[in-house]
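The values are calculated or read from the model by the stated rules, or taken from the named source; none is laboratory data. Here the structure is a predicted model, which means the values were calculated and not measured. Cβ placement follows ideal geometry from the backbone for every residue including glycine, while neighbour counts extend to all protein chains displayed. SASA here: full protein model, heavy atoms, side chains in, ligands and nucleic acids out. Shrake-Rupley method; radii C 1.70, N 1.55, O 1.52, S 1.80 Å.
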Amino acid sequence: MDRYYEYTDRLNAPIEAFTHITNDHNFPILPHWHYFIECIYLTAGNLLVTCDENVYSLQPGDFIFFPPKTLHTIDIFADPPYELAGLETLPDL
């Protein structure tokens, strides 16, 4: 599982929020894991998310939680556009 560790993932603060809005086909996000918690709330579009070996189809209004050290990937389920809001935080807060 070490080969999937996302080495570029370092939080600059104990909690970080982000948005991702695009019309581009910049997915899939390949399998990876990190030491922090990641939450995603989908506001537009459809995503296909794998968390460990479970596959989820996300639609607008859906929320998904990735615990630390959980292997996950994200792909588009339909054509863009898609929008999501996310939160990353340290597990010991």
Item to check | Accessible surface of the stretch 32-93, 1.4 Å probe, proportion on carbon and sulfur as whole % | outcome: 55 percent
Checklist entry - Around TYR82, which amide H atoms from residues at least 5 apart in sequence, or from another chain, sit under 5 Å from its own amide H, with H modelled in the peptide plane? => result THR22
Checklist entry - To the nearest 20 debye, what charge dipole does the chain have about its Cα centre, counting +1 at the Cβ of each Lys and Arg and -1 at the Cβ of each Asp and Glu? => result 80 debye
Next on the checklist: I want the local charge near ASN46. Using Cβ-Cβ distances under 11 Å, sum +1 for each Lys or Arg and -1 for each Asp or Glu among the other residues.
Outcome noted: -3
Checklist entry - Which of rounded, prolate, oblate describes the chain, given a ≥ b ≥ c as roots of the alpha-carbon gyration tensor eigenvalues and a/c under 1.5 marking rounded, otherwise prolate only if a/b is larger than b/c? => result prolate
Item to check | Added length on full extension, which subtracts the Cα-Cα distance from 0.36 nm per residue, ALA78 to GLN59 | outcome: 5.8 nm
